[in-house]
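Notes to accompany the following structure.
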Amino acid sequence: MTIHYISPDLSFKGSNRSKKKFTSFHKTELNLILSVYAQKVSQGHWKDYAIDHGEYNAVFSIYRSTFENAFLRIIKNKNKGKHVTFTLIDFNNKKIKESEYLSDITKYLKVSVKRIA
């Protein structure tokens, strides 16, 4: 598996993308999420993932099968005041956990994913 990190400082000449800001996961945040993800893949719980970016949020979606909707989503919300929160949402759009620290979400996933799987 190859991971490509996108730097928001890149500017594309002639593109509106350089003028538009978006929220993304930082390299350390992705490493934290992917370490839990890799553990659950090796255990056979999870099969695939997707990452989406928006103006005020970034979403890491986790799939049990490539043919289903997202089983779990980790959402990074950035408010206009630069305050960041992380939210874990299940397949029914029910909020499972919310925290200012991603480590709280990943600790919950390491311990509690058997109950929600």
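The values are calculated or read from the model by the stated rules, or taken from the named source; none is laboratory data. Owing to the predicted nature of the structure, the values given are computational and were not obtained by experimental measurement. Cβ atoms come from the backbone with ideal geometry, glycine included; neighbour counts cover every protein chain shown.
General remarks:
- Total residues in region 51-81 satisfying the condition of being surrounded by 12 or more Cβ atoms within 10 Å (Cβ to Cβ) and either over 13 Å from the mean Cα position of the chain (by Cα) or not β-branched (V, I, T) (or both): the figure is 17.
- Within region 82-101, not a single residue is touching a residue at least 24 places away in the same chain (Cβ under 8 Å), surrounded by 11 or more Cβ atoms within 10 Å (Cβ to Cβ) and closer than 18 Å to N31 by Cα.
- Among the candidates S42, S11, S15, the residue that is modelled with pLDDT of 90 or more and of a type in the set (G, A, S) is uniquely S42.
- Checked against the criteria, I62 does not count as under 16 Å from H26 (Cβ atoms) and in contact with a Leu (Cβ under 8 Å, 6 or more places away or on another chain).
- Odd one out for F60, checked against (1) in contact (Cβ under 8 Å) with a residue 24 or more places away in the chain; (2) over 19 Å from V36 (Cβ atoms); (3) of a type in the set (F, W, Y): (2)
- Flag if K27 is surrounded by fewer than 17 Cβ atoms within 10 Å (Cβ to Cβ), basic (K, R) and under 30 Å from K82 (Cα atoms): yes
- Pick from region 65-103, criterion among the acidic types (D, E) and within 23 Å of G44 (Cα to Cα), ranking: modelled with the lowest pLDDT: E68
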